[in-house]
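Below is one structure, written out as structure tokens, with a few remarks after it.
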Amino acid sequence: MARRTWYRLDNIGKFYSSQAGRSSQTVFRYSAELADGIDPDILQHALDHAIAQFPSFNVHLLNGMFWHYLEQSDGRPLVEPEHLPICSRLHYGPKSMLFRVSYFRNRVNLEVSHIISDGRGAINLFKSLLHAYIAERYDVPGVPSDYDGSDSDKAENSFDKYYEKDKAGAAPGTKIYRLAGPIDRAAPTFMEYHVSASKVLGAAHQCGVSLTSYLIAAILCAIRDVMPSRARNRAIRVDIPVDLRAFFRSETVRNFYGMTYVAYTPAEIEADEDSAKTSATSPDAAGDGQQSAARTAHGNGMGGLLTDEPLADIARHVQEQLGHATSRERVESHMNRMIALEKNPVLRLAPSPAKDWVLELARFIADRETTTTVSNLGRVTFDERLARHVRSVSFLTTPASLNITVCSFGDDLSIGISTIYHDLNVIKNLCRILAAQGISGRMNIAGVHVEKGASA
């Protein structure tokens, strides 16, 4: 009997493998709404095709003496009706599939463990799945695949390939604001807010910034509005995954991303009472008259008034930070700092259970050093012969606290929201802020079970 193919875990996979077997596991989810109800038999054919194209997803996680590793499965992944909570854990034991495909009415879902892939890698599997399904369901032959990487390209550990020890930088430190209130890690809330991509892009261009910078600024404003006065000297930190394939030559469908961040401290915007009163009657820098430069003044406990900075100014500040944070030098530095922990000679000699403890602690510390995470997948595209059968695409992930995911298909921009907090005022604020800019949409709410809520 031939030996099965096995893979070493990549850097990110090693961190997430420390969650294996636990109730809390990091899983992300793609969903697509199609024109008609799903045919399960055709979807199974499509999954067979997609897995044949991307076999590195069909793996099990096994325990080694020093590291976990992945082994090719000889089982056939099966599609199933959607019946589990969104982003339910995938790893239960050594025979667990690390992804699942489900369907509900006209919706197809792909859920993937972060142990084996990231959002940019797994979108290739999802697009292959939809490509094969639509081609058979609607008789659309002859559409070429938009992924042409080799088998070795797909399975490449790009972290190891591009690691340079001497380029690892030091981690910055600052006081971070964290959301407070009752939480439920076992049953987080998931929402999808669908708005017009062109309207958001238009508002961003009015501010002279990118869509990502604009949305991050709106999220910063939404969080700022729930901060107590005593906490406004702390930074709101937004962690942002960066696709490293944009900086290094890689076609891998495994994990290959780094993290950067932007930070905003409301207490840095101070004014005396007279200037605050004056600014409160003046239109903001965006010039739309719907909000003022000092719409709300908060006492900061320092003897003055705190004037809320307008959205447009914050967006430009975010854009400037992102420009520095996503430079090749900064991205390389952060990537190599992440890998340096894995390469630590003491950790490498430790047995696998000890490594799991250290890596889980490192991940816990990292989660404590952020307020929220915003992941922008960008535009999801298909050949126009396939695209006409797709209505929308959405992206969600297991929340560490409050996680925001963004992707667009056509003119539909999906803002995925996942949170462990019971208090949803940040989300309400975000919708209100966007509505004040003429951007409103449709909210889909899902909870413990599928379709718990409806559009609102």
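Since every read-out is calculated from the coordinates, none of them should be taken as a lab result. Remember, it's a predicted structure, so these values are computed and weren't measured experimentally. Because the Cβ atoms are built from the backbone with ideal geometry, glycine has one as well, and the counts that use them run over all protein chains shown.
Tally Lys and Arg at +1 and Asp and Glu at -1 over the other residues with C-beta under 14 Å from the C-beta of H422: what net charge comes out?
Surrounding charge for H422 is 0.
Please give the helix 425-436 orientation as an angle from the longest Cα principal axis of the chain, in degrees from 0 to 90, rounded to the nearest 10.
For 425-436 against the chain, the angle is about 70 degrees.
Given a cut-off of 41 Å, what percent of all Cα-Cα pairs of the chain lie beyond it?
18
Which residues in the range 89-108 place their backbone N less than 17 Å from a point set 7 Å from the Cα of S24 along the Cα-to-Cβ direction?
Hits in the range 89-108 for S24 at 17 Å: 89-91.
Which value, in nm² and rounded to one decimal, describes the direction-averaged projected area of the C-alpha convex hull of the range 145-254?
Averaged projected area of the range 145-254's Cα convex hull equals 12.2 nm².
Just going by the charge dipole of the chain, with Lys and Arg at +1 and Asp and Glu at -1 on Cβ, which of S23, N403, N58 is farthest out on the positive end?
S23
Quick check: from the Cα gyration tensor, does the range 2-98 come out rounded (a/c under 1.5), prolate or oblate?
oblate
For a test of the definition: using alpha carbon positions, the gyration tensor, and the 1.5 limit on a/c, classify the range 83-154 as rounded, prolate or oblate.
oblate
Taking only DSSP H segments of four or more residues, each worth -39500 (n - 2.57), what value at 222 nm results for the chain once the sum is divided by all its residues, to the nearest 500 deg cm²/dmol?
Only helices count here, giving -10000 deg cm²/dmol.
Compute the angle between helix 119-137 and the longest alpha-carbon principal axis of the chain, please, reported from 0 to 90 degrees and rounded to the nearest 10.
It is inclined by approximately 60 degrees.
For helix 311-325, report the angle its Cα long axis makes with the longest principal axis of the Cα atoms of the chain; keep it between 0 and 90° and round to the nearest 10°.
For helix 311-325, the angle is close to 50 degrees.
Which residue, S102, S150, A340, has the largest displacement toward the positive end of the dipole of the chain when charges sit on each Cβ (Lys, Arg +1; Asp, Glu -1)?
Farthest along the dipole direction, towards plus: A340.
What FRET efficiency comes out for the pair N106/L62, r = Cβ-Cβ distance, R0 = 41 Å, nearest 0.05?
It comes out at approximately 0.65.
Considering only C-alpha atoms, what is the centroid distance from the range 27-42 to the range 6-23, in Å?
The range 27-42 and the range 6-23 have Cα centres separated by 27 Å.
For K14, which aspartates and glutamates qualify as cross-link partners when the Cα separation must be under 12 Å and same-chain residues fewer than eight apart are set aside?
E342, D356, E360
Once phi is turned into θ = phi - 60°, what whole-Hz ³J(HN,Hα) does the Karplus curve with 6.51, -1.76 and 1.60 give for every residue of the range 6-20, x standing for Gly and Pro?
My calculation for the range 6-20 gives 10, 9, 6, 5, 7, 4, 5, x, 5, 4, 6, 5, 5, 8, 3 Hz in order.
Give me the number: length gained by fully extending E369 to D151, i.e. 0.36 nm times residue separation minus the C-alpha to C-alpha distance, one decimal in nm.
74.7 nm
Can you give the extra length, in nm with one decimal, that the chain gains between W6 and K167 once fully stretched, where that is 0.36 nm per residue apart less the Cα-Cα distance?
55.0 nm
Regarding the range 8-64, what is the average projected area of its C-alpha convex hull, in nm²?
Quarter of the Cα hull surface area: 5.9 nm².
Given R₀ = 45 Å, FRET efficiency for S198-K175 by Cβ-Cβ distance, to 0.05?
Computed FRET efficiency for S198 and K175 comes out at 0.70.
Quick one: which residues, 5+ away or cross-chain, put their amide H under 5 Å from the amide H of Y261? H built at 1.01 Å from N.
Excluding prolines and chain starts, which carry no amide H, the hits are I240.
Magnitude of the Cβ-charge dipole of the range 77-228, K/R +1 and D/E -1, about the Cα centre, nearest 20 debye?
600
Please compute the Cα-Cα pair-distance distribution of the range 156-221 with 10 Å bins starting at 0, giving whole percents from short to long.
13, 22, 24, 37, 4
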